[in-house]
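Contents: one structure, followed by commentary.
The values are calculated or read from the model by the stated rules, or taken from the named source; none is laboratory data. Owing to the predicted nature of the structure, the values given are computational and were not obtained by experimental measurement. Positions of Cβ are backbone-derived with ideal geometry, glycine not excepted, and every protein chain shown enters the neighbour counts. Just the protein is used for accessible areas: all its heavy atoms, side chains included, with ligands, DNA and RNA removed. Shrake-Rupley method; radii C 1.70, N 1.55, O 1.52, S 1.80 Å.
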Amino acid sequence: MSKQADLIVGLQWGDEGKGKIVDHMAQTHDYVCRFAGGHNAGHTIVVEGKKYALHLIPSGVLNPEAKNIVGNGVVLSPRDFIEEMSQFEDLEGRLFISDKAHLLLPYHAAIDQARERMKGDKAIGTTGKGIGPAYGDKVARVGHRVGELHHPRRLADKILAHFEMNRPVFEAMGVETPDAQELYHELVEYREALEPFITDTTLLVWKALDEGKRVLLEGAQGTMLDIDHGTYPYVTSSTTVSAGACSGLGLNPKDIGKVTGIAKAYCTRVGNGPFPSEDFGEEGERLRQNGHEFGTTTGRPRRCGWFDAVAMRHAVRINGVDQVALMKLDVLDGFEKIKVCVAYEFEGERIDYVPYDLEGAKPVYRIFDGWEKTEGARSFEELPETARAYIEALEEMIGCRMGIISTSPDREDTIVR
Ligand code: GDP
Ligand code: IMO
Ligand code: MG
């Protein structure tokens with residue numbers, strides 16, 4: 001009987017701790033599938049004290065029994081992918097790349113960085129990895145798919161023709177035309193390294209579900225970075241919400257079963273754009289230090305602030321979240337008072353939903369009592385009473401149960417209620 005897939009999705013602005021939960025759940029799943037984004041994602045996973053940084057390879061790679069799929073919704077940089085693969089052995093037979101995923105090539109990163117420079121203080125604060133230009137080419141129908149790596153000569157010619165056609169634009173941005181020979185050799189190298197992994201992953205995931213295998217769908221980024229539902233234009237270029245799992249893997253909505261949304265017990269954001277519950281003071285700094293809030297991908301300090309219950313309710317609805325995994329509760333240890341954003345104010349007017357534009361929204365806070373220590377707790381009963389009250393109040397505000405609570409980076413320090 002065909003089973004439904006379980007789905008994991010970020011509910012804030014990314015870096016919620018998805019990697020830890022995907023890794024946790026991968027222990028009981030046969031397949032882990034990435035459906036969107038590229039190497040802008042950075043997932044840190046700690047297993048028995050050893051740290052792994054993953055960007056493109058699904059977090060199931062740390063479970064030797066799990067098979068890992070990179071879906072068609074991903075933009076894949078062969079160069080970065082090959083480097084990431086080198087951390088692991090014996091990937092053949094447990095890593096599969098969709099032939100329909102789009103290629104992200106060095107010129108995409110060059111365009112991304114040039115555009116950011118040209119925007120000056122209006123910059124999005126992208127990771128500079130080329131994500132926007134790669135998805136842009138896909139949508140403009142001038143992109144190249146992974147399957148084209150089978151024919152490097154043909155692909156090289158198409159890329160050079162693209163440069164020829166857009167010469168003035170590339171010149172204005174200072175993006176150099178690749179040398180024909182070098183480009184060809186580079187593509188041949190990519191083909192050699194990746195060919196054993198390239199396949200029709202849509203058929204593969206259908207077969208897995210038909211055979212009753214347990215499939216986990218791994219989101220990247222977060223709901224508020226979604227191209228349609230995030231804080232546009234300060235977003236990434238993919239569909240990060242659960243709907244993206246369908247188009248990004250070739251599934252239909254009925255294939256999706258339980259949805260687990262990942263959220264921190266506070267909130268962070270990297271890059272520019274509105275963040276109503278941002279704390280610019282000492283407490284924000286303390287969250288940054290306690291939570292080691294520096295990017296996995298770019299090392300940038302993350303902007304820190306408080307749990308935003310308004311944005312979270314929006315995220316729960318848009319993703320169809322069945323349970324929330326509340327991460328990094330321990331980072332709030334030792335705070336005397338903890339704030340939660342319960343509404344926004346715009347020039348005196350109070351609203352309790354996410355509007356068209358969050359720019360200028362002032363947070364309305366509800367204040368909670370803090371606690372001494374939750375770090376390392378492995379059962380709900382072990383948590384201090386004020387921490388339990390905090391969690392129960394959040395559940396009430398967002399209309400969703402928090403079935404998983406995380407109290408340290410380690411795989412074992414996870415409360416499953
Ligand atoms: P992702 O992009 O959503 O996978 O999240 P990141 O890996 O970018 O950022 C989350 C960071 O928090 C990582 O460094 C994790 O090791 C760490 N982390 C995850 N869960 C917990 C937790 O419960 N407590 C603490 N202190 N750190 C955690
Ligand atoms: P994970 O999967 C946090 C942010 C960038 C920038 C905006 C656009 O680790 O949660 P892009 O390079 O995608 O064009 O940048 O999106 N961003 C992320 N922020 N976590 C991520 O991924 C992110 N991926 C992109 O900082 O603001
Ligand atoms: Mg991250």
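Some notes on this structure:
- Probe 1.4 Å, protein heavy atoms only - accessible area per residue of the range 265-373 in square angstrom: 47 Å²
- Counted over the range 1-148, the DSSP beta bridges are approximately 40% antiparallel.
- The range 299-417 - share of DSSP beta bridges that are antiparallel (%, nearest 5): 75 percent
- Chymotrypsin sites (Phe, Trp or Tyr not before Pro) restricted to the range 262-316 and DSSP loop, no more than 11 other C-beta within 10 Å: 280
- The chain - Rg over Rh from alpha carbon coordinates, Kirkwood radius: 0.98
- Spin-label zone in the range 74-114 - amide nitrogen under 17 Å from a point set 7 Å from the Cα of residue 150 along the C-beta vector: 96-103
- Computed over protein heavy atoms with a 1.4 angstrom probe, the accessible surface ordering of 124, 318, 111, largest first, is 318, 124, 111.
- Rounded to the nearest whole Hz, the Karplus-based 3J(HN,Hα) values (6.51 cos²θ - 1.76 cosθ + 1.60, θ = phi - 60°) of the range 357-362 follow the sequence 9, 8, 4, x, 6, 9, with x at glycine and proline.
- Remark on residue 68: its backbone amide H falls under 5 Å from those of 32, 95, 96, a criterion applied only to residues 5 or more positions apart or on other chains, H modelled at 1.01 Å from N.
- Excluding same-chain neighbours fewer than eight residues apart, the lysines reachable from residue 51 by a Cα-Cα span under 25 Å are 18, 20, 67, 129, 264, 328, 373.
- Carbon/sulfur fraction of accessible area - the range 153-307, other protein chains in place, 1.4 Å, %: 51 percent
- For the chain, modelled as a GNM whose springs connect Cα atoms under 10 angstrom apart, the maximal fluctuation among 258, 50, 207 occurs at 50.
- Difference of contour (0.36 nm per residue) and Cα-Cα distance, residue 27 to residue 337: 107.9 nm
- Calculated [θ] (222 nm, deg cm²/dmol) that DSSP helices of n ≥ 4 give over the chain, each run adding -39,500 (n - 2.57): -9000 deg cm²/dmol
- A protection proxy built from the mean count of other Cβ atoms within 10 Å ranks the segments 158-168, 392-402, most packed first, as 392-402, 158-168.
- In Hz, Karplus ³J(HN,Hα) per residue of the range 183-188 (6.51, -1.76, 1.60; θ = phi - 60°; x = Gly, Pro): 4, 4, 5, 4, 5, 5
- Summary of packing: across the peptides 233-241, 67-75, 192-200, 247-255, the per-residue average of other C-beta atoms within 10 Å ranks them, highest first, as 67-75, 233-241, 247-255, 192-200.
- Net charge, residue 375 excluded, C-beta distance under 9 Å - Lys, Arg +1, Asp, Glu -1: -2
- DSSP beta bridges fully contained in the chain are about 40 percent antiparallel.
- Using a probe of 1.4 Å, the accessible surface attributed to residue 96 totals some 40 Å² when neighbouring protein chains are kept in position.
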